[in-house]
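Here's the structure we're looking at; comments come further down.
The values are calculated or read from the model by the stated rules, or taken from the named source; none is laboratory data. What you see is a predicted model, and the numbers here were worked out from it, not measured in a lab. Heads up, the Cβs are rebuilt from the backbone with ideal geometry, glycines too, and the neighbour counts pull from every protein chain shown. We work out accessible area using only protein heavy atoms, side chains counted, and drop any ligands, DNA or RNA first. Shrake-Rupley method; radii C 1.70, N 1.55, O 1.52, S 1.80 Å.
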Amino acid sequence: MNKFTSAVKKGFRPFAVFTHFCNKKPGFRSLIAGIISVIIGLLCGTVVMLILSPSHAGVGLWTLISTGFSTPELFGRAVYQAIPMILSGLAIAFAFKLNLFNIGVTGQVTIGAFASICCGLSGANWFVCMIVGGLCGAVAGFIPGFLKAKFNVNEVLSGIMVNWVLYYIIGIIGRIGIPSSFKDRATPSELMMIPEAARMPSLGIPGMTGVSVGLIIALIIVVIISIVLNRTTFGFELKMTGRNKFASTYSGVNQTKSIILALTISGALAGICGYMLYAEPGTPTKFVWDSSSNTLLADGFNGISVSLIAQNSPIGCIFSSLLLTLISAAQNSLKTVSNGAYNIHYTELIKNIVIYVAALSSFFVMLLTRLNEKHDGIPYFNRGKEVALKKEE
Amino acid sequence: MKYENVIELKHISKSFPGIKANDDISLTLRKGEIHALLGENGAGKSTLMSILFGLYEPDEGEIYVNGKKSEIRNPNDATRLGIGMVHQHFKLVECYTALQNIILGAEPCNKLGFLQPKKVRQTLEDLCKKFNFRVNLDEKIEDMPVGEQQKVEILKMLYRENDILIFDEPTAVLTPQEIDELMESMRVLTKEGKSILFISHKLNEIMAVSDRVTILQRGKCLGTLETKKTNPQELSRLMVGRDVELVLQKEECKPGKPILTIKNLNVYNSEKKKEVVHNVSFNVRTGEIVCIAGIEGNGQTDLVYALTGLEKVKSGEIVLHNVNAEKYIKNNRLDKKNNAFQKVWEKITFGLGIAWYDFLFGCSFIWYYFKKFFKVLFNKIGNLFRKGKKELQMEEFQKYVPYKEVKNQPLVGDVHLERLSIRERNVRGVSHIPEDRHKHGLVLDFNLRDNLVLDTYFDPRFQKFGFLKNKDKEKYANELISKYDIRSGKGAQSIVRSMSGGNQQKAIVARELDRETPLLIAVQPTRGLDVGAIEAIHRHILRSRDSGNAVLLVSLELEEVLNLADRILVMYNGEIVGQFNPKETSPNELGLYMSGAKRDDVNAIL
């Protein structure tokens with residue numbers, strides 16, 4: 001037995017209370033693991049900064065942590081950037097409960113965005129646009145789901161294929177299917193900005209105009225999804241099928257239905273994410289319909305890292321997407337703070353190292369679990385009482 | 001000193017969250033002896049052995065190996081000290097051959113690091129000859145029967161020159177013949193100077209093979225006895241803490257009307273690519289336990305799969321009589337409320353329903369003939385290329401019962417099961433204790449509460465409008481836990497993976513028996529359980545029988561078959577070859593039928 005263990009045995013109470021709490025609530029354990037991994041991620045980022053330019057590392061670390069919170073504008077920016085990320089992360093996490101990796105999120109985001117913008121340009125209000133985006137995403141998610149359930153086609157494979165198919169279909173529709181009034185006059189390869197009425201209404205928090213109704217909708221969706229997963233028979237079936245396929249067959253779960261529904265819902269979430277990406281209240285970005293650049297949207301893939309950091313927990317997706325946007329917010333000021341010692345490549349590198357290490361949080365969960373199991377035979381803060389009881393006997 | 005102690009465990013304690021698995025246990029293992037470790041499920045036997053093998057670290061206590069104090073931190077330490085372990089669930093790579101599995105982790109390499117499996121082949125063959133093992137070294141593990149897989153595990157230890165062998169419930173997965181073989185090899189091993197620690201709760205095996213026996217009860221050591229100076233009664237009393245009836249007292253069986261009738265059932269197994277059940281017909285009546293005996297792999301598994309819906313029926317009928325599942329009729333709740341709105345709504349839906357069914361009816365006809373047309377067409381085309389060869393028989397297709405007739409079976413009355421889904425069968429009153437508890441029976445990452453409602457969670461008791469009533473589930477789980485004595489660390493909240501094998505099995509049995517369905521299909525319900533638990537489960541099954549339910553039991557253990565059954569059917573090579581009354585038959589007679597040496601005319605029996 002090493003020094004650490006014996007120190008614990010003697011009764012290091014805060015630690016004992018902590019392990020006891022961890023054992024009682026696995027959610028708390030994951031949260032702690034997440035925080036630890038983010039801290040270690042930041043430290044790794046600092047090490048990189050130390051190697052690049054030692055004199056600026058301290059300031060750099062502080063910038064990484066604090067920039068996102070420094071002004072309401074920056075914080076608001078981080079929040080509204082996080083909104084669509086929450087949804088794309090949720091889409092991945094939801095499908096992952098069934099052990100399905102919905103790589104088709106990108107295609108679903110793209111088609112959702114395209115459809116909702118077209119809808120908005122033809123005069124619908126914001127809610128209708130969002131629903132249309134969701135529906136289109138759902139249809140795009142249904143295809144790999146159907147193929148997986150009926151013909152056992154690998155969902156990763158068909159997801160990637162559907163991504164590209166949708167991408168080029170949008171290119172074709174953009175060329176022949178939409179009126180030229182939808183296209184931007186200066187650069188016809190882009191769609192017009194979504195009109196005022198079809199943008200998400202701002203919540204009107206002073207200093208944070210970017211924060212819109214989308215935040216509330218995203219939070220509501222997160223809550224609904226976690227209720228569906230934890231409290232309904234459908235969620236029970238999903239989790240059962242994900243954990244043990246044979247047992248769910250044995251208990252009579254309709255797996256075809258579960259798989260199709262899971263991927264369809266996941267697609268719908270991605271579709272809504274697509275709408276939100278292009279409908280912020282201030283100046284929304286323009287959607288490029290032209291498929292000549294041969295690159296898929298990166299926003300869909302961001303969902304993967306969001307869901308990884310959150311360990312596929314719906315509530316965790318909120319925090320992990322905030323983490324990502326807060327760190328990206330620090331990227332620009334990192335350059336100015338260091339007088340250009342960390343140029344754009346280095347800041348990208350630092351940001352990605354932080355995210356990469358943060359995604360290892362499941363490793364820390366495992367570590368904590370092992371540590372907790374070792375030390376929580378009897379809750380240590382009750383040990384004193386036990387000894388006292390024995391003496392009385 | 002006459003005996004040399006190879007292992008001494010002194011005052012070992014180990015606790016897990018909520019449970020003290022080992023409490024001050026001391027044990028010695030002498031050179032060349034077979035030392036049995038006896039105890040109930042969850043008494044801490046496996047934990048103690050895992051400590052010895054380095055999978056867990058003890059909280060307190062010391063381990064002496066060959067007289068030297070040793071710290072065993074991980075399995076590598078254990079291997080270095082010459083300790084080897086055969087786990088209950090084998091740790092073998094399924095898609096590797098026996099040889100590859102044996103050398104895995106201790107690969108013979110040349111100087112450049114290339115594998116040299118030929119070098120060890122001779123050593124292994126010598127070992128096989130010495131201990132009389134019949135193992136094909138080039139066969140893949142997945143193609144081997146379980147007994148042979150175990151031999152591979154033992155060879156693995158011998159190849160690593162381990163002198164102390166730990167067997168964790170080695171007989172739980174074996175057939176009677178394989179058990180005899182294992183006992184024989186254990187004796188040979190000890191003659192060669194190996195020492196064996198052997199976990200079991202089968203008293204007859206312990207009496208037959210061991211030299212000394214140590215008894216554990218709820219984590220505490222009750223002492224070590226010389227096997228020769230004790231008897232099964234005493235051991236079972238020490239282990240369970242009370243007197244156990246080794247032979248079951250049961251009331252006279254009063255069979256009533258049939259509940260399950262099977263006619264000319266054929267099952268085709270697509271993995272083995274052959275027909276595994278031929279023309280099986282029998283029935284099971286109320287208040288009766290029908291037992292299917294047979295050596296493993298003679299079609300019992302497939303028969304049960306066909307009955308429960310895990311596998312498709314090729315042809316034949318399965319009829320469940322007098323079904324009453326009214327509570328699952330969807331608008332049952334609405335029927336009771338007879339208000340005006342309801343009536344209007346019913347009229348509308350009725351009209352729509354008729355239209356819809358007309359539509360469906362039309363469609364089903366079109367679909368039926370469409371399919372038939374294509375089948376005939378493809379068959380004709382196929383036959384064009386088969387000139388001179390045997391033509392495909394159209395009867396193959398006609399054997400299938402037309403889909404339309406058997407779908408939409410009623411929830412009340414006599415029901416044809418053969419085309420229903422698993423859920424539809426479940427709901428109509430079939431419960432199933434599966435053979436493989438880790439594969440079909442449990443979701444290991446779920447907690448006990450969720451596993452206890454694994455196939456009843458959609459019941460109105462546990463959900464309302466699709467929302468689970470977690471509190472009711474918890475309450476129900478706690479009821480079952482106390483009723484069936486399921487032991488675990490944190491009660492209903494404990495994760496099933498952390499529970500001992502016997503308690504996992506108890507959880508499945510509790511879940512299925514408590515549904516109180518008219519038909520219970522139990523496959524090896526007492527596999528891996530201790531005497532006390534076996535007794536309890538047998539009692540529960542008998543109680544279910546006495547209350548008028550029918551039980552179909554599939555078991556490999558003749559003792560259980562003779563003990564429990566009211567009627568025995570012997571299955572050999574996919575067919576039923578004999579029917580017996582347990583009071584008028586003997587294990588020897590059954591053995592003859594089971595091995596195919598004798599058979600009766602099936603049609604004459606039934």
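Of all residue pairs spaced 6 or more apart or on separate chains, those with beta-carbon atoms under 7 Å, a first member in the range B:155-182 that is within 17 Å of residue B:77 (Cα to Cα) and open to solvent by less than 20 Å² (accessible area, probe 1.4 Å) and a second member that is part of a loop (DSSP other than H, G, I, E, B) and not aromatic (Phe, Trp, Tyr) are B:162/B:82; B:164/B:82; B:165/B:194.
In the range A:276-303, the residues that are under 15 Å from residue A:81 (Cβ atoms) and in a loop (DSSP other than H, G, I, E, B) form Cβ pairs under 9 Å with partners that are open to solvent by less than 20 Å² (accessible area, probe 1.4 Å) and at pLDDT below 80, at six or more places apart or across chains, as follows: A:280/A:210; A:281/A:210; A:282/A:210.
Each residue in the range B:475-533 was checked for being assigned to a helix (DSSP H, G or I) and either basic (Lys, Arg) or under 20 Å from the mean Cα position of the chain (by Cα) (or both), and 22 of them qualify.
For every residue, the table says whether it meets (1) at positive phi; (2) modelled with pLDDT of 70 or more; (3) more than 45 Å from the chain's Cα centre (by Cα); (4) surrounded by 11 or more Cβ atoms within 10 Å (Cβ to Cβ).
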residue: B:330; (1), (2), (3), (4): no, no, no, no
residue: B:334; (1), (2), (3), (4): no, no, no, yes
residue: B:374; (1), (2), (3), (4): no, yes, no, no
residue: B:387; (1), (2), (3), (4): no, no, yes, no
residue: B:395; (1), (2), (3), (4): no, no, no, no
residue: B:410; (1), (2), (3), (4): no, no, no, yes
residue: B:425; (1), (2), (3), (4): no, yes, no, yes
residue: B:436; (1), (2), (3), (4): no, yes, no, yes
residue: B:441; (1), (2), (3), (4): no, yes, no, yes
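Of the residues in the range B:22-30, at least one is hydroxyl-bearing (Ser, Thr, Tyr) and at pLDDT 85 or above.
Condition first: of a type in the set (Asp, Glu) and at pLDDT 75 or above. Can you find one or more residues in the range A:337-349 that meet it? Within the range A:337-349, one or more residues are of a type in the set (Asp, Glu) and at pLDDT 75 or above.
Out of B:530, B:459, report the one residue that is among the acidic types (Asp, Glu) and more than 12 Å from chain A (Cβ to nearest Cβ).
B:530
Every condition in (1) modelled with pLDDT under 85; (2) open to solvent by less than 50 Å² (accessible area, probe 1.4 Å); (3) in a helix (DSSP H, G or I) holds for residue A:66 except the one numbered (1).
Look through B:448, B:454, B:444 and report the one residue that is closer than 22 Å to residue B:529 by Cβ, more than 8 Å from every other protein chain (Cβ to nearest Cβ), free of Cβ contacts under 8 Å to residues at least 60 places away in the same chain and aliphatic (A, V, I, L, M).
Working: B:454 fails: more than 8 Å from every other protein chain (Cβ to nearest Cβ); B:444 fails: more than 8 Å from every other protein chain (Cβ to nearest Cβ).
Of the residues listed, the single one that is closer than 22 Å to residue B:529 by Cβ, more than 8 Å from every other protein chain (Cβ to nearest Cβ), free of Cβ contacts under 8 Å to residues at least 60 places away in the same chain and aliphatic (A, V, I, L, M) is B:448.
Considering the range B:464-490, the residues that are modelled with pLDDT under 85 and within 14 Å of chain A (Cβ to nearest Cβ) include one that is farthest from residue B:538 (Cα to Cα), namely B:465.
Filter the range A:156-187 for residues that are in a loop (DSSP other than H, G, I, E, B) and over 30 Å from residue A:78 (Cα atoms); which is least open to solvent (accessible area, probe 1.4 Å)? By that ranking, first place goes to A:178.
Inclusion of residue B:529 among residues that are in contact with a helix residue (DSSP H, G or I) (Cβ under 6 Å, 6 or more places away or on another chain), at pLDDT below 90 and either surrounded by 16 or more Cβ atoms within 10 Å (Cβ to Cβ) or not acidic (Asp, Glu) (or both) is warranted. Going by the conditions given, is residue A:288 surrounded by fewer than 24 Cβ atoms within 10 Å (Cβ to Cβ), among the β-branched types (Val, Ile, Thr) and under 20 Å from the mean Cα position of the chain (by Cα)? In short, no.
Here is a yes/no grid of residues against (1) loosely packed, with under 13 Cβ neighbours inside 10 Å; (2) within 16 Å of residue A:328 (Cα to Cα); (3) touching a Gly at 6+ places or on another chain (Cβ under 7 Å):
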| position | (1), (2), (3) |
| --- | --- |
| A:25 | yes, no, no |
| A:29 | no, no, no |
| A:35 | no, no, no |
| A:41 | no, yes, no |
| A:50 | no, no, no |
| A:54 | yes, no, no |
| A:58 | yes, no, no |
| A:61 | no, yes, no |
| A:70 | no, yes, no |
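Scan the range B:14-32 for residues that are buried (at least 19 other Cβ atoms within 10 Å of the Cβ) and more than 14 Å from chain A (Cβ to nearest Cβ) and the total you get is 3. Say whether the condition of being more than 20 Å from residue A:257 (Cβ to Cβ), over 23 Å from the mean Cα position of the chain (by Cα) and open to solvent by less than 80 Å² (accessible area, probe 1.4 Å) is met by at least one residue in the range A:128-146. Yes, because at least one residue in the range A:128-146 is more than 20 Å from residue A:257 (Cβ to Cβ), over 23 Å from the mean Cα position of the chain (by Cα) and open to solvent by less than 80 Å² (accessible area, probe 1.4 Å). Do we find that residue B:215 is touching a Gly at 6+ places or on another chain (Cβ under 7 Å) and either in a strand (DSSP E or B) or open to solvent by 10 Å² or more (accessible area, probe 1.4 Å) (or both) in this structure? Criteria met by residue B:215. Scan the range B:451-474 for residues that are open to solvent by 20 Å² or more (accessible area, probe 1.4 Å) and under 22 Å from the mean Cα position of the chain (by Cα) and jot them down. None - no residue of the range B:451-474 is open to solvent by 20 Å² or more (accessible area, probe 1.4 Å) and under 22 Å from the mean Cα position of the chain (by Cα), so the list stays empty.
Would you mind listing the strands (runs of 3 or more DSSP E) fully within the range B:60-145 where at least 2 residues are open to solvent by less than 60 Å² (accessible area, probe 1.4 Å), in contact with a strand residue (DSSP E or B) (Cβ under 9 Å, 6 or more places away or on another chain) and under 23 Å from residue B:193 (Cβ atoms)?
On the way: elements: B:60-65, B:68-70, B:83-86.
Result: B:60-65, B:83-86.
Of all residues in the range A:108-149, which are without any contact (Cβ under 8 Å) to a residue 24 or more places away in the chain and among the aromatic types (Phe, Trp, Tyr)? Result: A:127, single match. Scoring residue B:312 on the criteria (1) under 27 Å from residue B:250 (Cβ atoms); (2) more than 15 Å from the chain's Cα centre (by Cα) leaves a single failure, condition (1).
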